[in-house]
Amino acid sequence: TALNKFSPLVKKNNNSTKKEEHKKKSSTASTCKNTADHFYRGLLPKRKLLIGQFLYYSGIVSWKTLIDALTRQKMQRPPVGQIALKWGILSRNDIHAILKQRAIEREFEKRFVEYAYLKGYLTSFQRLALLGKQRSLQRPIGEFFVEKGILMSKDVELLVKKLQLHNHKAAIKII
């Protein structure tokens with residue numbers, strides 16, 4: 001079920017909540033023909049979700065805020081090529097060759113790591129290890145919402161527990 005009454009978990013600020021202020025900003029933006037910044041209204045999907053998806057489908061963050069958080073998270077994590085270079089898996093020449101070959105073949109929809117794997121520069125194990133390392137180095141998305149004042153860190157912890165319960169129910173299909 002959606003988190004209809006989540007206000008106790010959101011920071012209070014001058015008789016209105018941060019969530020309400022966030023929604024007000026979002027609604028004024030949407031009147032300027034920006035339909036991307038909206039809050040989801042409906043039931044949670046009956047499938048496993050990531051924390052950002054859970055926050056969006058629970059109506060806690062807007063679509064634009066979620067995209068902003070994901071973009072920031074992606075921009076702050078180290079590139080796989082940088083990790084592979086540091087680990088000695090790929091050389092600078094290898095990375096340059098992979099990027100050049102991918103550009104020539106116009107394979108931009110393939111991520112660097114997938115393209116390098118398909119072209120034989122990486123083994124399956126190396127690909128998984130690099131992706132795992134990259135993921136471990138990326139900042140948790142919840143930090144973005146805390147920094148923006150949308151949630152407090154204790155709220156994120158509670159929401160992670162609610163997400164785990166949701167995902168457990170989705171896994172055993174009792175939703």
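Things worth noting here:
- Segment 135-154, subset under 13 Å from the mean Cα position of the chain (by Cα) and either among the small types (Gly, Ala, Ser) or outside any helix (DSSP H, G or I) (or both), residue farthest from Ile98 (Cα to Cα): Gly142
- Only one of Ile95, Ile89, Ile60 that is in the same structural domain as Lys133 (by TED's automatic domain parsing) and either on the phi > 0 side of the Ramachandran plot or not in a helix (DSSP H, G or I) (or both): Ile89
- Of all residues in segment 106-134 being modelled with pLDDT of 95 or more and either assigned to a loop (DSSP other than H, G, I, E, B) or on the phi > 0 side of the Ramachandran plot (or both), the one that is surrounded by the fewest Cβ atoms within 10 Å (Cβ to Cβ): Gly120
- Checking Lys48 against (1) over 26 Å from Tyr115 (Cα atoms); (2) at pLDDT 95 or above; (3) not in a loop (DSSP other than H, G, I, E, B), the condition it does not meet: (3)
- Filtered by the rule that a residue be among the polar types (S, T, N, Q) and either over 16 Å from Gln76 (Cα atoms) or surrounded by 12 or more Cβ atoms within 10 Å (Cβ to Cβ) (or both), segment 135-161 gives Gln138, Ser153.
The values are calculated or read from the model by the stated rules, or taken from the named source; none is laboratory data. The model shown is predicted, which means the values in this text are computed figures rather than measured ones. All Cβ positions, glycine included, derive from the backbone under ideal geometry; neighbour counts span all protein chains shown.
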